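Asker: Quick one: the structure is below, questions incoming.
Coordinate-derived values only; no laboratory data. Model, not experiment: these values are computed from the prediction. Neighbour counts are summed over all protein chains in view; Cβ atoms, including those assigned to glycine, are modelled from backbone coordinates with ideal geometry.
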Amino acid sequence: ERREAALAALAEAGEAAVPHLIGALSADENLARSAAARALKQIGPPADGRSGLLQNLDAPDRDVRESTVEALEAIGLLSETAFEALCRALKDESRWVRSYAAQQLRFQGPRTRVAIPQLIEAMDDKDRTVRYHIASAIGAN
C-alpha cells in the first residue's frame, strides 16, 4: 500500500518521475507494476516508458496487463514494437485487454491496415464489446 501511494505521488511529480516509474515497471510486486503503469498514464505524453510497459503486456497478472494497455493508450503508440504488441494483445485472455487493444489499433492511422488480418481473425471473439471495437478498427481504415 505504501509503495502504491509513493507511485501515485511520483505521478503528481510529472516528467521528473518518469525514470523512477519506468524502474517500478519491473518490480516483483504486481500491484507496484500496475501502479507504475497507471502513474505513467496519468503523466501522459511524452512519458516514454514504452519499452518497460511493453514487457508488462506479457505479465501473468491480468491487472498489470490491463493497466499497461491503458497507459500505452495515454502515452501514444508510435513504435513498431508497440504496434506489434497491440496486435498480440488481441489474443489476451482478458476481454478488457483485447477490447482496449482493438480501440488503440483503430487510432493508428494507415498502419492499422497492416493489422487487418489479425483484426479479422479476432472477430470471432466471444465478447460483444470486443467485437464492436474490432469492427470499428476495421471500419476506420
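Asker: Stretch A5-E93 to full length: gain in nm at 0.36 nm per residue minus the Cα-Cα span?
Answerer: On the way: separation 88, 0.36 × 88 = 31.68 nm, distance 2.87 nm.
Going from the current span to full extension adds 28.8 nm.
Asker: Same structure, new question: Where Lys and Arg each count +1 and Asp and Glu each count -1, what net charge lies around E93 among other residues with Cβ under 10 Å from its Cβ?
Answerer: Numbers: positive: R62, R65, K91, R95, R98; negative: D92.
The answer is +4.
Asker: Taking trypsin sites (Lys or Arg not before Pro) that fall in a DSSP loop and have at most 13 other Cβ atoms within 10 Å as cut points, what is the longest piece of the chain between them?
Answerer: Details: sites that count: K91, K126.
Longest gap between qualifying sites, sites excluded: 1-90.
Asker: Add -39500 (n - 2.57) for each DSSP H run of 4 or more in the chain, then divide by its residues: what number comes out at 222 nm, to the nearest 500 deg cm²/dmol? Could you put the intermediate results ahead of the total?
Answerer: Working: 9 runs with 95 residues, N = 141.
Computed mean residue ellipticity for the chain: -20000 deg cm²/dmol.
Asker: Work out the FRET efficiency for T129 and L31 from their Cβ-Cβ distance, taking R0 = 35 Å, and round it to the nearest 0.05.
Answerer: Working: r = 26 Å, r/R0 = 0.75.
E between T129 and L31, to the nearest 0.05, is 0.85.
Asker: Another question, then. Just grab the label-to-label distance for D58 and T81, each label 7 Å out from Cα along the Cβ direction, in nm (one decimal).
Answerer: 1.1 nm
Asker: Calculate, in whole percent, how much of the Cα-Cα pair population of the chain lies beyond 24 Å. Show your work: numbers first, answer last.
Answerer: Working: 2826 of 9870 pairs.
That tail contains 29 percent of the Cα-Cα pairs.
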